[in-house]
Amino acid sequence: MKKYLVMGFIIVLSLSVLAAGMRFSVLTFYTTDLQTGSFNVWPIVYFRIPLTNTIGLNVEDYVMSTHNTFKVGNFQLMEPSYWYASYRDGALKAYIGRFKSKHTLTRQMYLLRVGGFYDTTTGAEVDYNNYTYDLGLRYDWKYSEFAAYAGLLGNNYKLYLYALKGNKLSLSTNMSFHFSKGFLNSKIWAAAAYNINPSNISFGMPTILIGGNFSFKAFDFSSQYAYQPNSNAAKIWYDFNDPNKAGYPLKDFNSLLTYNINGRDSIGMLVNWNSNLSAPTFGLKFSHGDLSIEVGNGDLNGGISGTQYAILSYSSYFSIPLTTHPLFSSPRRNW
């Protein structure tokens, strides 16, 4: 069944490309170990095709990842990482297909998170957000998982509750707060998460995360701490290149103090630690726009095997609008 869904999606996508309304984009992350020459290139390709002002088709592919394949006659075809139809009209959004469900407030440093949703979903999701509150329902038919979330939104705060029911019940909360006074701007984020066995309900210490960013004139300081009380508790989720992720530590700490020389150039000092390390990793970071160089006394990148003491990182993005308006509508909305 899934094979035919993907085939049908690709056929409709191809016909739409011939007609109108396509945008092609590529976001690429480059990381190089300056000592050994080892490198990691991670391109993400996006196709967005509006059929009307509210309905669109979307394909996203992590080019370097492992892909599922399926056969059509004698031909072997690759399944894209994500393929889904989307509906957007005012406060209402909906998705159906295979997509990334993105609802988390804690992916601030190294994209690390506790709680919330940042999950690959094969199913459907409906979201209603009127800038005062945010309500969402999601169902993943591949894993028979049901999820829901609710958020309160204010000028200086966001507060979300999440619930996911599959083989276990996962409950979590995410929150963020903004404060400004004079030259000082600050942002605080926090989260707590439980995994609950429905047949033996008990509550103990949740997995927690708390962090903040403080900017004062040319200086910027960010720090965060995450704690998983035991290996059965809710996970601390790590990005693929996060140096903290090795062994899934029960505790980790990150901090970065930056001096912004101008709008593109900065120099910073970082301190990273997790419970697998006997001593913190200290380092310096030099940035020029999307290009950065880091040097330190420990592993600075988890996306390349081994220990990287000196790395160069660069990101690039380009987007090409191939046609000017949706297939079945006049120009009105940018997708």
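So the values come out like this:
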{"read-out": "Selection status of residue 100, in a strand (DSSP E or B), touching a His at 6+ places or on another chain (Cβ under 9 Å) and basic (Lys, Arg)", "value": "no"}
{"read-out": "Subset tally (residues that are touching a strand residue (DSSP E or B) at 6+ places or on another chain (Cβ under 6 Å) and not in a strand (DSSP E or B)) for the stretch 111-130", "value": "3"}
{"read-out": "Positions within the stretch 141-196 being of a type in the set (Gly, Ala, Ser), in contact with a Gly (Cβ under 9 Å, 6 or more places away or on another chain) and either on the phi > 0 side of the Ramachandran plot or surrounded by fewer than 19 Cβ atoms within 10 Å (Cβ to Cβ) (or both), in sequence order", "value": "144, 148, 150, 186, 192"}
{"read-out": "Those residues of the stretch 283-313 which are buried (at least 16 other Cβ atoms within 10 Å of the Cβ) and within 19 Å of the chain's Cα centre (by Cα), in sequence order", "value": "301, 302, 303, 313"}
{"read-out": "Test: residue in the stretch 187-206 that is closer than 30 Å to residue 257 by Cβ and among the polar types (S, T, N, Q)", "value": "no"}
{"read-out": "Qualifying position, being aromatic (Phe, Trp, Tyr), at pLDDT below 95 and either closer than 22 Å to residue 81 by Cα or under 17 Å from the mean Cα position of the chain (by Cα) (or both), among 162, 110", "value": "110"}
{"read-out": "Matching residues in the stretch 159-204 - criterion: being closer than 24 Å to residue 142 by Cβ, among the hydroxyl-bearing types (Ser, Thr, Tyr) and not in a strand (DSSP E or B)", "value": "199"}
{"read-out": "Single residue of 233, 218 found to be touching a strand residue (DSSP E or B) at 6+ places or on another chain (Cβ under 7 Å), surrounded by fewer than 19 Cβ atoms within 10 Å (Cβ to Cβ) and farther than 28 Å from residue 266 by Cβ", "value": "233"}
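The values are calculated or read from the model by the stated rules, or taken from the named source; none is laboratory data. Note that the structure is a prediction, hence the values are computed from the model and not measured. A quick note on method: Cβ atoms are made from the backbone with ideal geometry, for glycine too, and the neighbour counts reach across all protein chains shown.
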